[in-house]
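Written out below as structure tokens is the structure these notes cover.
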Amino acid sequence: MKHRLEISLIRTWIFAVVCVCGISLSAGPVPLAEESTHVPKHEMRGAWLASVYGIDWPSRQGATVAVADEQRRELIKILDILKNAGINAVMFQVRSMGDAMYASSFEPWSQYLTGMRGEAPVKGWDPLAFAVDEAHKRGMELHAWVNPYRLSNGAVPPRAKVASGSGYFDPAAKGWTMTWRKPAAKGQKSSTVSVLDPGNPEARKHIVEVCREIITKYDVDGLVFDDYFYPDGLPIGNGYDLTEYQNYRTRYKGSGEAMSQADWRRDNVARTVADVKNMIDSERPWVRFGISPAGVAGGNGVACRKYGLDAPDFGKDWMYDRIYCDPLQWLAEGTVDYVSPQLYWASDHATNPYEPLSRWWGTVAERFGRDCYPSQNVGVLPECEQAWEEQSFQVGINRRHSAQEHAGSIFYSTAHLTGKKMKGLGDYLIAGCYRYPALMPPIRWKDAKNPGTVRKIGLTDGILSWPPVENMRYVVYAVPEEVTLLDALAENGRNFDSQYIIGITYGNSLELAADKMGKHWYAVALYDRFGNEWDAVVLEPDK
């Protein structure tokens, strides 16, 4: 190997017509997956990895060396299966009940790790740190999944020692908590849930600081909330947060500007969301912030009217008046980078069919200049070929109703991919709609400076290497030598077609597989943490 070309230099003869003259390489709206021979080069392909109750991981709890080793092996196996299925982002649940799957300075170790809330695992075992490293080794993003308010499905837990450092987490003593015992519906049992009070400014600040530690102490690529906000069905008036609300109204007495209690609750949630987003933008602006709300939004027309939007044609929005959140507000205010609505229904569902809801969310997200990566319920049909066809069909629907380079899907949950609950989908995806790798969608609303290109690319003993660039990833291509540079160009993204991607790496080298050694030319492109791929450098074969 001896000759190096930079794409930025050869654009005069290859890219001139395409880029300078403004001719688009876009293929237009991407067809449904099963109709497609075309795979988007940029696409969120996520999977939810639930740790609460050990749903997906860990299957065994304990504080011994043997248990920690078993938990590591299980996590590695999960990540390998996801990688082999074409998944490029893992939503790893690190805080499910005001606890931690990492060495938190604010909250106790999770009972779902060791079997007892506050009990430390064996020294040196930090699941989040391990998961980040292992995901990045596989070229996958790791998004820390956080439940912002939930403390317990029951009474407030007793105080417990924080995972790292000294002190105790005792939110009840600070007056930060709220417990709601929901009366039993006919034929059902009553339920109790305890949360951090969204109306308490100090509780909200605590949530921000928890999130700050996660994104600054760990090299995560994203932070994502799910759909637990106020306790479901918390009454208006009648105690609970009534005093807080009355204090709020007193501040606005006579001004006519005070919100209703329901609007005030939704605003409290929106304040938490905005505060977390502002913190992320200040600390780690490349960290993607998303929320996974319930599958139907719009306040049954009430919220839609505020923004001149049509209400969804199907389904009923229960979260607006029962858990007091309004995803339209987050999108309109730009306080999320993406939403992942839980569209946990089949395409032929009688009241909530998948396609119209995916279309509505995609339209709304695009209206506000943000992304939508719907969550799909793998278990919506029993394990069979028809179930995998349904999942592929839904991937295609999401592609159709997203802006170009900004499509995506997130599967719930990994137990339905790994064989713990189901198996077979991963093989189906990688053979079909995920047959080529995909880069993450660029965060188009954030200013990412052009970092230039890699330098001094070389190939020695089957290893491609180049000097590192700080806080950067890389896309590596291997193209058969009979395929020309022009023929290898991507139609739906920068540089080369995704079928030629042989690696996405957070390191500055890549070992070539045996079938990619010789009779290929290679290229490496900078791939920043915002999801942008920059001009590639080409290493031609010896002549």
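The values are calculated or read from the model by the stated rules, or taken from the named source; none is laboratory data. It should be emphasised that the depicted structure is a prediction, and the values quoted were computed from it without experimental measurement. Here the Cβ is made from the backbone with ideal geometry for all residues, glycine too, and neighbour counts use every protein chain on show. Areas reflect the complete protein model, heavy atoms only, side chains present, ligands, DNA and RNA absent. Shrake-Rupley method; radii C 1.70, N 1.55, O 1.52, S 1.80 Å.
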Under the 7 Å Cα-to-Cβ spin-label approximation, residue 80 and residue 123 lie apart by a distance in nanometres of 3.0 nm
The range 333-471: antiparallel bridges as % of DSSP beta bridges, rounded to 5, reads 30 percent
Heavy-atom accessible area of residue 314, protein chains in place, probe 1.4 angstrom, given in Å² to nearest 10, is 80 Å²
Rounded to the nearest Å, the spacing of the alpha-carbon centers of the range 241-305 and the range 326-404 is 23 Å
Distribution output for the range 407-543: share of Cα-Cα pairs per 5 Å bin in percent, first bin at 0, values 2, 9, 17, 19, 18, 15, 11, 7, 2, 0, 0
Taking a crude spin-label model, label points 7 Å out from Cα along the C-beta direction, the residue 519 to residue 436 distance in nm is 2.2 nm
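Ordering 73, 284 by accessible area with a probe of 1.4 Å, largest first, what comes out? Present the calculation step by step, with values, prior to reporting the outcome.
Values: 73 145, 284 65 Å².
So the residues, ranked largest to smallest area, are 73, 284.
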If unit charges are put on Cβ atoms (+1 for Lys and Arg, -1 for Asp and Glu) and the dipole of the chain is taken about its Cα centre, the option from 417, 280, 177 lying farthest towards the positive end turns out to be 177
So, for the Cα atoms of the chain, Rg and Dmax in Å stand at 24.2, 83
Place a point 7 Å from the Cα of residue 252 in the direction of its beta carbon; the residues of the range 191-209 whose amide N falls under 15 Å from it are 199
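Kirkwood-based Rg over Rh for the range 183-336 (C-alpha set), two decimals? Working shown, then result.
Numbers: Rg = 16.8 Å, Rh = 17.0 Å.
With Rh from the inverse mean 1/r over Cα pairs, Rg/Rh is 0.98.
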At the level of C-alpha centres, the distance separating the range 459-506 and the range 99-144, in angstrom, is 33 Å
Cα-based Rg then Dmax for the range 390-454, in Å, read 15.3, 45
Magnitude of the Cβ-charge dipole (Lys and Arg +1, Asp and Glu -1) of the chain about the Cα centre, nearest 20 debye, reported as 1220 debye
For the range 416-487, whose charge dipole is built from +1 on Lys and Arg Cβ atoms and -1 on Asp and Glu Cβ atoms, the candidate among 436, 466, 483 with its Cα farthest towards the positive end is 436
If unit charges are put on Cβ atoms (+1 for Lys and Arg, -1 for Asp and Glu) and the dipole of the chain is taken about its Cα centre, the option from 514, 270, 90 lying farthest towards the positive end turns out to be 270
Binned at 10 Å starting from 0, the alpha-carbon pair-distance distribution of the range 56-192 in whole percents comes out as 12, 36, 30, 17, 5, 0
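Solvent-accessible area per residue for the range 402-543 at a 1.4 Å probe radius, Å²? Write down the numbers at each step before the final one.
Numbers: 5900 Å² over 142 residues.
Normalised by residue count, the accessible surface of the range 402-543 is 42 Å².
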Kirkwood calc, the range 290-338, C-alpha pairs only, radius in angstrom 10.9 Å
The Cα extents of the range 34-99 along the principal axes, largest first and rounded to whole Å, are 49, 25, 17
Here the residues of the range 490-530 lying in the modelled label zone of residue 482, meaning backbone nitrogen under 13 Å from a point 7 Å along Cα-to-Cβ, are 519-520
Ignoring ligands and nucleic acids, residue 322 exposes an accessible area, probe 1.4 Å, in Å² to the nearest 10, of 100 Å²
The percentage of the accessible area of the chain (probe 1.4 Å, all protein chains present) made up of carbon and sulfur atoms, to the nearest whole number, is 50 percent
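What translational D, rounded to a whole number of µm²/s, comes out for the range 119-218 from Stokes-Einstein when the hydrodynamic radius is the Kirkwood one over Cα pairs, at 4 °C and 1.567 mPa s?
Details: Rh = 16.1 Å.
After rounding, the answer is 80 µm²/s.
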Put 505, 460 in order of accessible area, largest first, probe 1.4 Å, and you get 460, 505
Expected field for residue 227, accessible surface area in Å² at 1.4 Å probe radius, rounded to 10, holds 30 Å²
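Please give the FRET efficiency for residue 363 paired with residue 461, using the beta carbon to beta carbon distance and R0 = 35 Å, rounded to the nearest 0.05.
Values: r = 52 Å, r/R0 = 1.48.
The formula returns an efficiency of 0.10 here.
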Once the mean of 1/r over all distinct C-alpha pairs in the range 212-277 is inverted, the Kirkwood radius in Å reads 14.3 Å
Here the FRET efficiency for residue 189 versus residue 333, based on Cβ atoms and R0 = 30 Å and rounded to 0.05, is 0.20
